Amino acid sequence: MSISKTELEERDAGKNLYSYQKGAIDKIFKAFEESPDDYHLLYQLPTGGGKTVIFSEIVRQYLKHHKKKVLVLTHRIELCKQTSTMLTEFEVVNKVIDSKADLSDQAEYSCFVAMVETLNNRLNDDKLDISDIGLVIIDEAHYNSFTKLFKFFSQSFILGVTATPLSSSIELPMTDNYDELIVGESIESLISNGFLAQAEMFTYNVGLTSLVVGANGDYTVKSSEDLYTDNDMLTKLLQAYEERCKGKKTLIFNNGINTSLHVYDTFRRAGYPVAHLDNTNSKKERAMILKWFKKTPDAILSSVSILTTGFDEPTVDSIILNRATKSLTLYYQMIGRGSRILKNKKTFSVIDLGNNFHRFGPWGDNLDWQRIFKSPNYYLDSILSDDELESNFRYEMPDELRAEFSKSKEVYFDIQKTYVDSIRNGESSKVVLERSIEQHGYICVENSEDVYDALGLAKKLGDDIDFRIQRYTKCISKSTFNFVEWLKDDYKKKLNSYLRSNFDDVFESIHGYPPED
């Protein structure tokens, strides 16, 4: 369905909907009419497309034309409250069923909003009458926690809504619980017609082979924190921020509270306005932090997954993925937090420090959601492993650093090719690092006036050295943490020694005359 260019004036509030939202509602009600009472329908629409608006209007129309009640399910209390507020805007009187709710007046309501666990407890205690529920709407339907409730609604029409119709568990594919998927407007279409901002992606290659995949199919917090609290990674994060989004309102996503606290401390010590937020903060603390974040133009907020859903702050200009994930849904949710449009905001920046772009492709890529829904394993099996991703990486100096090596036509050194050539020539693998050090030494001398300049440039090659050592250890199949760290330290010492011993000779070979004393 195409979107009219004039639609931005079409809906200001309440029940005025964009044409693509009206079209979605028509399709969903058509499914109501043509399907049995216990049909399970899934609707996909990108973050920022207005899923809550759509299903709120569906509830309003359903209650107007049917004599049965509606239940809306969410997975977080914040979403419960936001959903209740939106339903009220659509003139739907509703009751939130939380752990303290008084259910003595439930007969007076036709619409209920509840969290999964709370509702499950109330149903198991037989404290909520669901005999007259005709429609169940499930927000963020890709979460598996909802499926345990399906047994209570065997005669209800179930409508699941999600931005990514891919289950959070490979063991519980959505196609097992839903009969049909309706695909909504694409991210590309929403961007081109001014409903979402365009993401400008900046990727920084990161070695992730130390990460461990847990039982949930994603990287464990422990292994992520070991990597992302390392000083080199924190330095890379700060440099990436300063290169791409300094002065912009920035939201940083981390995997682990300890990582987020390290990030907070790193930016605080660098003099930037920064705050940290995780699920251990009280409601009052969270409200204060988010209020500060909203009103501070250059604010940086370091968080731990808590803001991936139910958080809408259009003034966010930059998203930093300071983590890796194997979840397509999480990847889209994190980036989607920056996609809200404003009058003077047409684009936003995304810094990827987890190789997520290489793993999943661009945000807004033309994914075949129907195929992913019907054959999730086919899609999941096509995702490259970290080893496969990193085998294709090539280190590229940041622009600012490359400018300091402007006299060198080429600064890249192919460790893998050098290794293969050395083995074929019957040489020891040690010559690979020796030749790498010589090449690093050469470009340092080439861009220096004296040995002190060269040693200064050598100090700035940390990321390149790390990359070469990682490549080398893969070649020799020896990559224990202590060995890798020793190699990096040894390499830097030998590079400095090489420059002190050979600067004059290398300088003269480049320029044809010795350096001035």
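The values are calculated or read from the model by the stated rules, or taken from the named source; none is laboratory data. Small disclaimer: the values here were computed from a predicted structure and weren't measured. Glycine gets a Cβ as well: all are built from the backbone with ideal geometry, and neighbour counts include every protein chain shown.
Odds and ends about this structure:
- Residue within region 210-224 that is polar (S, T, N, Q), surrounded by 14 or more Cβ atoms within 10 Å (Cβ to Cβ), at pLDDT 90 or above and touching a Ser or Thr at 6+ places or on another chain (Cβ under 9 Å) present: yes
- Taking the conditions (1) crowded, with 24+ Cβ neighbours inside 10 Å; (2) among the β-branched types (Val, Ile, Thr); (3) closer than 19 Å to residue 193 by Cβ in turn, residue 347 satisfies each one other than (1).
- Filter pass, residue 206 being assigned to a helix (DSSP H, G or I) and β-branched (Val, Ile, Thr): no
- Test: residue in region 174-187 that is free of Cβ contacts under 8 Å to residues at least 24 places away in the same chain and part of a helix (DSSP H, G or I): yes
- In the condition set (1) among the hydroxyl-bearing types (Ser, Thr, Tyr); (2) more than 26 Å from residue 180 (Cβ to Cβ); (3) in contact with a Gly (Cβ under 8 Å, 6 or more places away or on another chain), residue 62 is compliant with all but (2).
- Any hit, region 284-300, residues being surrounded by 15 or more Cβ atoms within 10 Å (Cβ to Cβ) and in contact with a Gly (Cβ under 9 Å, 6 or more places away or on another chain): no
- Only a single item in (1) farther than 13 Å from residue 354 by Cβ; (2) touching a helix residue (DSSP H, G or I) at 6+ places or on another chain (Cβ under 7 Å); (3) part of a loop (DSSP other than H, G, I, E, B) is not met by residue 217, and it is number (2).
- Scanning region 441-485 for residues that are assigned to a helix (DSSP H, G or I), of a type in the set (Val, Ile, Thr) and surrounded by fewer than 17 Cβ atoms within 10 Å (Cβ to Cβ) yields one hit, 476.
- Where residue 42 falls short, out of the listed (1) touching a Phe, Trp or Tyr at 6+ places or on another chain (Cβ under 6 Å); (2) surrounded by fewer than 17 Cβ atoms within 10 Å (Cβ to Cβ): (2)
- Matching entry among 493, 488 (being part of a helix (DSSP H, G or I), among the basic types (Lys, Arg) and in contact with an Asp or Glu (Cβ under 9 Å, 6 or more places away or on another chain)): 488
- Matching residues in region 312-327 - criterion: being crowded, with 18+ Cβ neighbours inside 10 Å and touching a helix residue (DSSP H, G or I) at 6+ places or on another chain (Cβ under 9 Å): 316, 318, 319, 320, 321, 322, 323, 324, 325, 326, 327
- Filtering region 192-207 to residues that are in contact with a strand residue (DSSP E or B) (Cβ under 8 Å, 6 or more places away or on another chain) and either of a type in the set (A, V, I, L, M) or surrounded by fewer than 19 Cβ atoms within 10 Å (Cβ to Cβ) (or both) leaves 197, 198, 199, 200, 201, 202, 203.
- Answer residue from region 80-135, given it is within 17 Å of residue 151 (Cα to Cα) and of a type in the set (Lys, Arg) and is surrounded by the most Cβ atoms within 10 Å (Cβ to Cβ) among those: 122
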